[in-house]
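Student: Pasting in a structure now, in structure tokens, and then I'll have a few things to ask.
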Amino acid sequence: LPAKALVQAAANSGLRAVSVRHSSQAPKVALLGAAGGIGQPLGLLLKQDPLVAHLALYDVVNTPGVAADLSHIDSNAKVTAHTGPKELYAAVENADVIVIPAGVPRKPGMTRDDLFNTNAGIVRDLAAVIAKASPKALIAIITNPVNSTVPIASEVLKKAGVYDPKRVFGVTTLDVVRSQAFVAELKRLQSTVRIHTFLCFQGHDASKTVVPVVGGHAGITIIPLLSQVTPSTKFSEEEIAKLTPRIQDAGTEVVNAKAGAGSATLSMALAGARFANALVRGIKGQKNVQCAYVASDAVKGVEYFSTPVELGPNGVEKILGVGKVSAFEQKLIDASVPELNKNIAKGVAFVKGN
Ligand code: NAI
């Protein structure tokens, strides 16, 4: 039966609509750190992504339970469980996209850099196996400190002779998601008009607000470009002075609210799933633009920088750069460069010295 007739037949018989694959490509996504606070909800979202054909879950503990649970969801992705270093190779072999939230999160009072000692080794060891088993995969690194873990994975891949700068990403999507939520919230509140007893919402719909965020993924290196918000939005200087640090410290807001129970997991899962879906769409030829922390020549004097990038079949197809920024944003970009260089050098030294 042709695809349309299949969908119609399913609808007629009272079944839910089935997603019909139009491409011969069937992406495999491997999720490393799948049993964690981010890993579990991220696995849930990836299992529901109609573009994912195979979801390989890897963790050092508890993977079978998470996989059994997810495999009972009636979506098409096949789920496999892989536990411990001996099963890592099989988890990542032939993967098109590898998403990495493996590692410890922050507790109140910690910076992302405080996680370096534990997480640097985790990312290094995962990257070493990826270099052998799946050197062509697109690798999306969530593990903090992202500013350093991306250079760490890159150095490991360089050592193995399989590095492709277009295929290694630091996931900064949560900074974009937060910025979009905060901007939409602020502008929606401002444009709320009371008519009799009804509230009329005008202006910003969070799902249609786009805020590019450039730089890196920690403190002052997180730079929301409020001058480039679409739909076009005016901010007072006071608003910019309040919103910018709120976006930069949003992760800490969650860490403090969770009071020792970890950092952002649910919003990060959403952001991770959105980014993984964008990578898969790119692989399937559906070019799209996302912000990501990648090897980049967008800003002078720093080797890795997050800007909007065009994603396609080979990962980064084009680095779109920071675009036209305000004087305030340019100052933030300039200030981020030495900080990023420190983070990058720390990651590079970790691999070179090991
Ligand atoms: P979590 O502790 O809840 O989960 C981490 C998981 O990684 C655990 O299941 C653990 O068993 C697993 N793991 C540890 N060592 C591993 C290894 N060698 N191989 C595979 N899995 C391993 O932590 P959570 O909350 O899921 O956070 C994970 C990471 O994501 C942290 O580094 C955190 O800082 C980072 N993060 C990044 C964000 C971003 O925007 N890029 C936002 C929020 C968190």
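Just so you know, all these numbers are worked out from the coordinates, no wet-lab data involved. The structure displayed is predicted, hence computed values, not measured ones. Counting neighbours? That spans all protein chains shown, and the Cβs are built from the backbone with ideal geometry, glycine included.
Student: Lysine pairs, Cα distance under 22 Å, 8 or more residues apart or cross-chain: how many in the range 79-218?
Tutor: Lysine pair count for the range 79-218: 11.
Student: Restricting to the chain, what percent of DSSP beta bridges are antiparallel, rounded to 5?
Tutor: Numbers: 21 of 42 bridges.
That works out to approximately 50 percent antiparallel.
Student: Taking Cα pairs under 8 Å and at least six residues apart, what relative contact order does the chain come out at, in percent?
Tutor: On the way: 694 pairs, mean separation 57.5, N = 354.
Reported relative contact order: 16 percent.
Student: Taking 2.2 N^0.38 Å as the expected size of a compact globular protein, what ratio does the Cα radius of gyration of the range 94-171 give against it, to two decimals? Provide the component values of the computation, followed by the final result.
Tutor: Details: Rg = 12.1 Å, N = 78, 2.2 N^0.38 = 11.5 Å.
Compactness ratio reported: 1.05.
Student: Next question. Please provide three numbers in whole Å: the alpha-carbon extents of the range 307-354 along the principal axes, with the largest listed first.
Tutor: The Cα atoms of the range 307-354 stretch 40, 35, 7 Å along the principal axes, largest first.
Student: Show the residues, 5+ positions off or on another chain, whose built amide H is closer than 5 Å to the amide H of S306.
Tutor: Correct list: G215, G216, V294.
Student: How big is D, in µm² s⁻¹, for the range 155-299 by Stokes-Einstein at 20 °C and 1.002 mPa s if Rh is the Kirkwood radius over C-alpha pairs? Walk me through the intermediate numbers first.
Tutor: On the way: Rh = 17.2 Å.
Estimated via Stokes-Einstein, D reaches 124 µm²/s.
Student: Find the eigenvalues of the gyration tensor of the Cα atoms of the range 44-116, then list the square roots of 5 times those eigenvalues as equivalent ellipsoid semi-axes, largest first, in whole angstrom.
Tutor: Working: eigenvalues 129, 44, 32 Å².
Its equivalent ellipsoid spans semi-axes of 25, 15, 13 Å.
Student: By how many nm would the segment from D334 to S71 lengthen if fully extended, with 0.36 nm per residue of separation less the alpha-carbon distance? Kindly include the intermediate steps, with their values, before the conclusion.
Tutor: Values: separation 263, 0.36 × 263 = 94.68 nm, distance 4.75 nm.
This chain segment gains 89.9 nm when fully extended.
Student: Could you give the spread of the C-alpha atoms of the range 250-302 along their three principal axes, from largest to smallest, in whole angstroms?
Tutor: 42, 33, 12 Å, listed from the longest principal axis down.
Student: Quick one: net charge around K287, please, counting Lys, Arg +1 and Asp, Glu -1 for every other residue with C-beta under 14 Å from its C-beta. Walk me through the numbers before you get to the answer.
Tutor: Values: positive: K166, R281, K284, K318; negative: E310, E317.
Summing Lys and Arg as +1 and Asp and Glu as -1 gives +2.
Student: With the contact rule set at Cα under 8 Å and sequence spacing of 6 or more, what percent relative contact order holds for the range 135-180?
Tutor: Working: 37 pairs, mean separation 22.9, N = 46.
So the answer I get is 50 percent.
Student: Write down the radius of gyration of the chain and its Dmax, each obtained from C-alpha positions, in Å.
Tutor: 20.8, 69
Student: Could you check how many percent of all C-alpha pairs in the range 285-337 are farther apart than 15 Å?
Tutor: 48
Student: Would you please give the FRET efficiency between K132 and K107, computed as 1/(1 + (r/R0)^6) with r the Cβ-Cβ distance and R0 = 41 Å, to the nearest 0.05?
Tutor: Working: r = 34 Å, r/R0 = 0.83.
Given R0 = 41 Å and the Cβ-Cβ separation, E is 0.75.
Student: What is the range 221-354 by shape, rounded, prolate or oblate, if you read a ≥ b ≥ c off the alpha carbon gyration tensor as root eigenvalues and call it rounded for a/c under 1.5, prolate for a/b larger than b/c, and oblate otherwise? Each step should come with its number before you reach the end.
Tutor: On the way: a/c = 1.17, a/b = 1.10, b/c = 1.06.
Rounded, since a/c falls under 1.5.
Student: Follow-up. Run the helix sum for the chain: -39,500 (n - 2.57) per DSSP H stretch of 4+ residues, divided by residue count, reported at 222 nm to the nearest 500 deg cm²/dmol.
Tutor: Details: 11 runs with 148 residues, N = 354.
It lands at -13500 deg cm²/dmol.
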